[in-house]
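Read the structure below first, then the notes.
Computed from the coordinates by the stated procedures, all read-outs in this text should not be read as laboratory data. Keep in mind the model is a prediction, meaning the values are calculated, not measured. Cβ atoms come from the backbone with ideal geometry, glycine included; neighbour counts cover every protein chain shown.
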């Protein structure tokens with residue numbers, strides 16, 4: 001496979017997320033009223049209501065080994081008047097002696113409406129592609145209810161639950177559509193003014209085959225700031241598919257080290 005053929009295949013499953021990201025950011029920009037300034041002063045640029053972070057990881061070896069691994073992650077969020085929008089996308093490609101060993105793309109978009117300081121309801125859309133695992137696409141649409149068990153300045157811990165419609169296609173198989181149940185949680189904690197840790201787990205079983213068919217997606221990471229914009233981070237990701245593509249393993253794990261830039 002030529003590298004020039006990679007981008008359309010890997011990014012295609014996450015296109016709904018990228019479109020959602022652009023639409024929401026445009027809507028947010030149009031809804032922002034810049035602060036007025038007098039004719040004798042320099043206009044003050046309003047703070048961007050979106051908090052966006054881009055992370056890049058690259059591993060390259062030459063000599064006795066010849067490998068390449070590159071990953072790119074984008075995360076964006078906005079909170080206003082009892083509303084929350086969370087967006088994210090990631091992609092990666094790797095080779096070992098010119099043989100492809102990593103090829104994935106995923107993305108998500110989530111909207112939450114808070115009815116109190118801790119309780120909220122919302123909708124989540126996610127899309128995944130993994131060429132090595134034989135997953136051509138998996139799309140999940142999940143209405144949800146959530147609750148912040150802990151909501152403090154430096155620590156948050158929330159749980160979510162709701163039904164899920166899953167559309168997926170594995171290599172050499174027909175598309176499957178089924179109803180699932182999504183259970184999720186996320187924990188974040190600031191160790192200091194410059195360092196934070198987080199972890200999250202999503203469990204989506206098929207409701208009529210919950211012991212046979214389920215997906216568990218988990219992540220844990222640490223981020224330490226170098227200055228106002230740049231930081232170093234280490235992220236561990238794991239995806240467990242109880243019923244993978246024939247000939248593939250159930251578990252896929254990634255350990256990604258890199259740098260991040262906060263806009």
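Annotations for the structure displayed:
- Applying the Kirkwood pairwise sum to the alpha-carbon positions of region 181-241 produces a hydrodynamic radius of 13.3 angstrom.
- When both bridge partners sit in region 172-263, DSSP labels roughly 100% of those beta bridges antiparallel.
- Cβ-Cβ FRET estimate between residue 64 and residue 248, R0 fixed at 30 Å, reported to 0.05: 0.55
- Net length available on complete extension from residue 72 to residue 116 is 12.3 nm, with 0.36 nm assigned per residue and the Cα-Cα distance removed.
- Peptide packing: for 191-199, 49-57, the average count of neighbouring Cβ atoms within 10 Å per residue gives the ranking 49-57, 191-199, highest mean first.
- Whole-Å distance, taken between Cα centres, linking region 246-260 and region 111-145: 20
- Compactness ratio for region 104-263: Cα radius of gyration over 2.2 N^0.38 Å (N = residue count) comes to 1.13.
- Debye-sum result for region 58-136 in log10 I(q)/I(0), which assumes one identical scatterer on each alpha carbon, at q = 0.18 Å⁻¹: -0.79
- Estimated FRET transfer efficiency (residue 176, residue 52; beta-carbon r; R0 41 Å; 0.05): 0.75
- Alpha-carbon Debye profile of region 94-198, log10 I(q)/I(0) at 0.16 Å⁻¹: -0.87
- The Cα-based radius of gyration and maximum Cα-Cα distance (Dmax) for region 157-198 are 17.3, 50 Å.
- Cubic angstrom per residue, convex hull over Cα atoms of region 48-100: 59
- Long-range tail of P(r) for region 126-174 (Cα pairs > 18 Å, %): 52
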